[in-house]
Amino acid sequence: MNNKKVLVVDDDADFAYILSLLLQYMGYEPSVISSGRGIAAVIRELKPFAVIVDMMLPGIDGMDLSVQVKDMDRNILVIMVSAMCVGHEMNIKKPHAADHVLCKPVDKEELKRILESGNAA
């Protein structure tokens, strides 16, 4: 895979920073934004192969944002993350377009496996 760009959308600055360091360590090129505002322009400019989206964002939730990303490009790998997990189950009440869902704190081996597979729905 030539494209190593990953967009992280999370309003938790500490989590986004740690995740970006982890992604860099794994050999990816992370970019971080704190909300979904203007995501279309960011995606057009960056052309990421993957977008990691927090489920709870100000102004728009991650589920709606994941649908917007997939509407722009179905080939983008969308990974939704959330701290609102019960065990390993995500409490999702409506349809979403995420290819994968991970609980915070993110398991680095699982994230690595998902990114290396590059499988978008």
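The values are calculated or read from the model by the stated rules, or taken from the named source; none is laboratory data. Every value quoted in this text rests on a predicted model; they were computed, and no experiment measured them. Neighbour counts are summed over all protein chains in view; Cβ atoms, including those assigned to glycine, are modelled from backbone coordinates with ideal geometry.
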What tally of residues in region 13-34 results from selecting those that are in a loop (DSSP other than H, G, I, E, B), in contact with a strand residue (DSSP E or B) (Cβ under 7 Å, 6 or more places away or on another chain) and without any contact (Cβ under 8 Å) to a residue 60 or more places away in the chain?
0
Based on this model, can you work out whether Leu65 counts as touching a Gly at 6+ places or on another chain (Cβ under 9 Å) and either closer than 19 Å to Ile114 by Cβ or charged (D, E, K, R) (or both)?
yes
For region 1-12, what are the residues that are free of Cβ contacts under 8 Å to residues at least 60 places away in the same chain and exposed (fewer than 13 other Cβ atoms within 10 Å of the Cβ)?
Asn2
For region 68-86, which positions are aliphatic (A, V, I, L, M) and either crowded, with 19+ Cβ neighbours inside 10 Å or within 10 Å of the chain's Cα centre (by Cα) (or both)?
Val69, Ile76, Leu77, Val78, Ile79, Met80, Val81
Quickly run through region 39-60 and pick out the residues that are closer than 26 Å to Asn2 by Cβ, more than 12 Å from the chain's Cα centre (by Cα) and part of a loop (DSSP other than H, G, I, E, B).
Lys47
Looking at (1) under 12 Å from the mean Cα position of the chain (by Cα); (2) at pLDDT 90 or above, which one does Met63 not meet, given that it meets all the others?
(2)
